[in-house]
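Reviewing the structure listed below.
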Amino acid sequence: MLLVLLALAVRAAPAERVLRVAYNEDVATFDPDDAILLFGLDAVRVLYEGLVQYKPGTTEIAGWLAQRWSVSPDGLTYRFILHDGVTFHDGRPMTSADVLAYFKRRRHPTLPLSYFLDGVDSMSVPDPHTFIIKLKTPQPAFLDRLASPWAPKVIGPAALVEHAGGDLGVTWLNDHADGTGPFMLAEMVRGQRYVLVRNAHYWGARPYFDRIEILIVPTMNQQMLMLQRGELDIIEHGYPFDQLDKVPAGLKVDAHDALGLEIAYFNRSKALRNRAVRTAVITAINPARWLHEVFGAFATPARSLYPKAMIRGPAPVVFPADLEAARRAIAAVGGVTLEIGYADQEAPVQQRIAEFMVSLLKGIGVTATVRSIPIDQESSMVNDLQRAPDIFIAQDYPDSVHPATQTGVFFETGAALNFFGYSNPTVDALCAQASRITSIAERDRQYLRISDILFADGAFVPLADIKDVIVYRAGLTDLGTRPALPWAVDYGTIRRQ
Amino acid sequence: MPGLEAAAICMLFVITLIAIIGPWLAPADPVVQIAAPYQPPSLRYLFGTDEIGRDMLTRLIYGVRLTWLPSLAVIAIGVVVGTLVGAAAAVAAGIVDSMLARLTELFIVIPSTMIALAAVAALGPGLWHTVAVMGVFWWPWYARIVRTEIKTIATRPHAEAARLSGVAGLRLVLRYLLPAALPSLLVTATLDVANVILVLSLFSFLGLGAPAPAPELGAMTARSLASLTTHWWIPILPAVAIFVLVVTANLAGDGLRSLMKTV
């Protein structure tokens with residue numbers, strides 16, 4: 001009788017719903033103020049939540065911890081009304097005072113993502129449900145910054161008070177999490193796996209999965225085999241483009257527009273100092289000559305220096321086409337030798353693009369080699385331009401869908417990822433002007449004008465709009481992908497049919 | 001000498017010839033796309049094309065060149081340095097011999113491949129950095145052989161006779177002692193080629209060889225591993241080429257040893 005009861009009990013207990021995913025690289029931290037890399041964003045956004053977010057599949061902004069918000073007519077004051085009943089993972093209720101304490105932490109200059117709140121004048125909490133931010137000057141991009149995947153996301157008092165230590169809780173948050181999200185960090189074995197478990201007291205919609213297992217599997221071949229064997233449910237990034245047209249039965253492909261834009265950055269302090277040489281090189285590396293070979297149907301020629309999910313330019317960028325003139329220009333300077341660097345984080349596809357470029361450049365008399373640039377060296381190339389590569393190619397992601405976050409990170413003087421230190425006062429002035437425009441059509445026209453100047457200068461060459469591609473086991477639905485959220489599904493919405 | 005070993009010795013010369021005249025032999029440019037990517041081996045493209053559409057046959061010919069000639073260069077550096085150190089130790093005797101012998105042993109016991117990897121990584125990837133650094137670590141066995149051989153030969157009657165007839169110093173070493181050490185040196189060097197090829201391939205596999213897209217065999221295999229299940233010829237053929245080079249060098253070394261014994 002006991003055995004029968006036990007058997008019935010086992011049968012009645014619902015099986016735990018587990019989603020297994022893999023990262024190519026380990027994550028340093030899930031701290032939303034410190035996690036600057038792309039891998040891990042999917043986990044960060046279910047551990048922590050921000051005030052607003054982009055709606056799935058769109059670039060529209062919706063409330064998150066804020067149920068609604070208003071902006072003053074002068075564009076300086078943002079008033080957020082917070083949801084009721086939100087609790088942190090340790091069960092403590094979230095109030096506007098917690099939000100304020102967190103935002104103060106985020107502004108600390110030692111944290112790499114503190115720049116998101118540059119321009120904030122003051123913050124206040126008139127009541128437990130209201131949080132007010134006042135800006136020094138109007139920032140039409142401000143809400144987009146708050147909806148960014150790297151945006152401020154509220155951390156609880158367990159980290160900010162009890163475990164703050166002397167470093168704002170950074171050390172504690174390297175191994176722990178204390179947010180308001182639908183999942184909690186249950187296990188963290190560095191270099192091997194991370195386990196998130198469903199937050200039983202979550203204030204919002206209950207996720208379908210009980211447990212998310214994130215494995216660190218550095219080689220894509222192994223990930224692909226694991227997916228085929230059923231040991232993984234999703235490959236969120238890195239499935240080889242040239243194998244997407246023959247994914248095995250039982251697997252599906254989701255390809256959606258994203259903010260990933262392939263750009264060639266030109267180091268104009270060496271061989272590419274000469275404008276004629278730059279033009280010749282641009283002629284040779286025209287993406288129309290290699291795009292389909294590398295990406296198949298999963299990329300289109302760039303329309304500007306902004307991803308088309310940000311600004312849809314009127315037509316693909318027109319490259320100079322006279323290869324004979326390019327050959328003459330190279331011959332006139334007695335031949336050119338170039339080094340093409342590519343982002344190591346995206347090595348297989350970036351190296352392939354670089355090697356296509358080597359082949360095409362040979363056709364106009366340019367000898368080129370390629371080398372990978374580790375991600376931690378990318379931003380320091382500007383410190384020694386003579387040792388830096390002549391061209392750097394990368395698929396880079398801006399912070400949000402507002403074009404100011406593209407120019408402000410990559411193109412303006414002193415920008416964090418302005419890899420070769422390009423500086424053009426005219427561009428800087430136009431960017432400053434554009435960042436204040438509230439009419440989207442007018443704003444986009446201004447930013448496209450900036451793109452034209454940058455391309456004509458031979459400093460930045462827009463190559464391709466690349467789709468985010470996710471390969472997953474058939475039966476999974478509601479992936480919750482967003483153009484502004486790279487390499488990620490939404491663990492809060494995804495379910496199995 | 002067995003036929004296989006004789007064939008390997010012949011093959012050694014053929015490979016060296018291919019390595020030298022490779023650029024004139026190859027049907028295409030090794031870095032230029034000549035056809036659509038991923039063309040399987042066919043009559044038109046004997047070894048197919050790679051992920052860029054480059055001719056695999058061309059890249060293998062250049063790959064052999066970029067592997068074989070540097071291997072010979074490493075061996076040459078090792079033999080020259082080892083011979084100098086070994087001969088100096090044997091001739092000088094006493095404290096100099098003792099110090100050079102300890103130095104040789106030191107280089108033998110340190111994990112030379114690991115240190116060479118670190119050194120190349122510090123100097124920056126590059127074929128000639130690799131060759132130079134490996135040369136620095138590849139001499140001790142040759143030094144030991146030369147020292148031992150010269151010490152043994154120095155007591156033989158022909159060396160004694162030469163010494164009694166007034167031959168000394170460098171002339172004695174070059175004319176009467178060193179030539180007798182050459183057979184052992186040659187056999188060891190030939191057998192060593194296989195080891196050097198493997199280490200060089202390891203360096204290029206790890207991205208420490210010539211900068212891409214140079215057709216180094218190890219790097220070609222490493223970069224195309226993701227194609228193993230879909231376009232097998234791209235990672236497999238360079239690996240097979242490494243295998244053939246290594247086996248040939250080993251068999252040729254054995255063949256030379258047999259030949260020396262016979263002579």
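The table for this structure:
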read-out: First in the stretch A:338-353 and within 9 Å of chain B (Cβ to nearest Cβ), second anywhere and of a type in the set (A, V, I, L, M), Cβ under 6 Å, 6 or more apart; value: A:352/A:294
read-out: Matching entry among B:155, B:130 (being without any contact (Cβ under 8 Å) to a residue 40 or more places away in the chain, away from chain A (no Cβ under 14 Å) and within 26 Å of residue B:187 (Cα to Cα)); value: B:155
read-out: Qualifying positions in the stretch A:328-345 - surrounded by fewer than 19 Cβ atoms within 10 Å (Cβ to Cβ) and in contact with a Ser or Thr (Cβ under 9 Å, 6 or more places away or on another chain); value: A:335, A:337, A:344
read-out: Filter result for residue B:98 (part of a helix (DSSP H, G or I) and surrounded by fewer than 18 Cβ atoms within 10 Å (Cβ to Cβ)); value: yes
read-out: Meets criteria (of a type outside the set (Lys, Arg) and at pLDDT 95 or above) for residue A:297; value: no
read-out: Cross-chain or 6+ apart pairs with Cβ under 9 Å, the stretch A:215-229 first and more than 10 Å from chain B (Cβ to nearest Cβ), then of a type in the set (Asp, Glu); value: A:215/A:231; A:216/A:25; A:216/A:26; A:218/A:25; A:218/A:26; A:227/A:233
read-out: Top-ranked residue of the stretch B:174-212 - restricted to ones that are touching a Lys or Arg at 6+ places or on another chain (Cβ under 8 Å) and within 14 Å of another protein chain (Cβ to nearest Cβ), ranked as farthest from residue A:355 (Cα to Cα); value: B:211
read-out: Among residues of the stretch A:250-274, those that are farther than 22 Å from residue A:401 by Cβ and of a type in the set (Ser, Thr, Tyr), counted; value: 1
read-out: Residue ID - nearest to residue A:240 (Cα to Cα), chosen from residues in the stretch A:447-491 that are among the hydroxyl-bearing types (Ser, Thr, Tyr) and part of a helix (DSSP H, G or I); value: A:451
read-out: Single residue of A:173, A:160, A:143 found to be touching a residue at least 40 places away in the same chain (Cβ under 8 Å) and in contact with a strand residue (DSSP E or B) (Cβ under 8 Å, 6 or more places away or on another chain); value: A:143
read-out: Top-ranked residue in the stretch A:375-403 [being aliphatic (A, V, I, L, M) and in a loop (DSSP other than H, G, I, E, B); ranked as farthest from residue A:287 (Cα to Cα)]; value: A:385
read-out: Qualifying residue in the stretch A:166-183 (condition: among the aromatic types (Phe, Trp, Tyr), closer than 14 Å to residue A:50 by Cβ and assigned to a helix (DSSP H, G or I)); value: no
read-out: Unmet requirement for residue A:239, which otherwise passes all of (1) within 14 Å of chain B (Cβ to nearest Cβ); (2) under 15 Å from residue A:462 (Cβ atoms); (3) not polar (S, T, N, Q); value: (2)
read-out: Among residues of the stretch A:284-305, those that are closer than 18 Å to residue A:453 by Cα and surrounded by 23 or more Cβ atoms within 10 Å (Cβ to Cβ), counted; value: 3
read-out: Which listed residue is surrounded by fewer than 16 Cβ atoms within 10 Å (Cβ to Cβ) and either of a type in the set (D, E, K, R) or in contact with a His (Cβ under 8 Å, 6 or more places away or on another chain) (or both), from B:171, B:223; value: B:171
read-out: Matching residues in the stretch A:358-415 - criterion: being of a type in the set (A, V, I, L, M, F, W, C), under 15 Å from the mean Cα position of the chain (by Cα) and surrounded by fewer than 24 Cβ atoms within 10 Å (Cβ to Cβ); value: A:375, A:409, A:410
read-out: Matching residues, the stretch A:362-393, being more than 16 Å from residue A:266 (Cα to Cα) and either without any contact (Cβ under 8 Å) to a residue 24 or more places away in the chain or of a type in the set (A, V, I, L, M) (or both); value: A:362, A:364, A:375, A:376, A:377
read-out: Which numbered condition residue A:254 misses (of (1) more than 27 Å from residue A:147 (Cα to Cα); (2) within 21 Å of the chain's Cα centre (by Cα)); value: (1)
read-out: Single residue of the stretch B:44-75 satisfying the filter (over 14 Å from residue B:219 (Cβ atoms) and among the hydroxyl-bearing types (Ser, Thr, Tyr)) that is surrounded by the fewest Cβ atoms within 10 Å (Cβ to Cβ); value: B:45
read-out: One residue from A:246, A:252 being more than 14 Å from every other protein chain (Cβ to nearest Cβ) and either over 22 Å from residue A:361 (Cβ atoms) or among the acidic types (Asp, Glu) (or both); value: A:252
read-out: Pick from the stretch A:372-390, criterion closer than 19 Å to residue A:25 by Cβ and not small (Gly, Ala, Ser), ranking: farthest from the other protein chains (Cβ to nearest Cβ); value: A:378
read-out: Residues within the stretch A:266-324 that are in contact with a Gly (Cβ under 6 Å, 6 or more places away or on another chain), of a type in the set (D, E, K, R) and closer than 30 Å to residue A:441 by Cα, tallied; value: 1
read-out: Options B:32, B:64; residue that is within 14 Å of chain A (Cβ to nearest Cβ) and either aliphatic (A, V, I, L, M) or assigned to a helix (DSSP H, G or I) (or both); value: B:32
read-out: Pairs, first within 14 Å of chain A (Cβ to nearest Cβ) in the stretch B:227-240, second assigned to a loop (DSSP other than H, G, I, E, B) and aliphatic (A, V, I, L, M), C-beta under 6 Å, six or more apart; value: B:235/B:228
read-out: Residue check for residue B:45: over 25 Å from the mean Cα position of the chain (by Cα), within 14 Å of chain A (Cβ to nearest Cβ), more than 30 Å from residue B:192 (Cβ to Cβ) and aromatic (Phe, Trp, Tyr); value: no
read-out: Scan of the stretch B:48-73 for residues that are closer than 17 Å to residue B:214 by Cβ, within 14 Å of the chain's Cα centre (by Cα) and of a type outside the set (Gly, Ala, Ser), ordered by number; value: B:64, B:65, B:66, B:67, B:68, B:69, B:70
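Yes or no, residue by residue, for (1) under 28 Å from the mean Cα position of the chain (by Cα); (2) touching a residue at least 12 places away in the same chain (Cβ under 8 Å):
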position	(1), (2)
B:10	yes, no
B:18	yes, yes
B:36	no, yes
B:39	no, yes
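Quick grid of which residues meet (1) buried (at least 17 other Cβ atoms within 10 Å of the Cβ); (2) modelled with pLDDT under 95; (3) closer than 28 Å to residue B:37 by Cα:
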{"position": "A:181", "(1), (2), (3)": "yes, no, no"}
{"position": "A:185", "(1), (2), (3)": "yes, no, no"}
{"position": "A:209", "(1), (2), (3)": "yes, no, no"}
{"position": "A:233", "(1), (2), (3)": "yes, no, no"}
{"position": "A:250", "(1), (2), (3)": "no, yes, yes"}
{"position": "A:258", "(1), (2), (3)": "yes, yes, yes"}
{"position": "A:266", "(1), (2), (3)": "yes, no, yes"}
{"position": "A:273", "(1), (2), (3)": "no, no, no"}
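The values are calculated or read from the model by the stated rules, or taken from the named source; none is laboratory data. Only a predicted model underlies this, so the values are computations on that prediction, with no experimental measurement involved. Cβ atoms come from the backbone with ideal geometry, glycine included; neighbour counts cover every protein chain shown.
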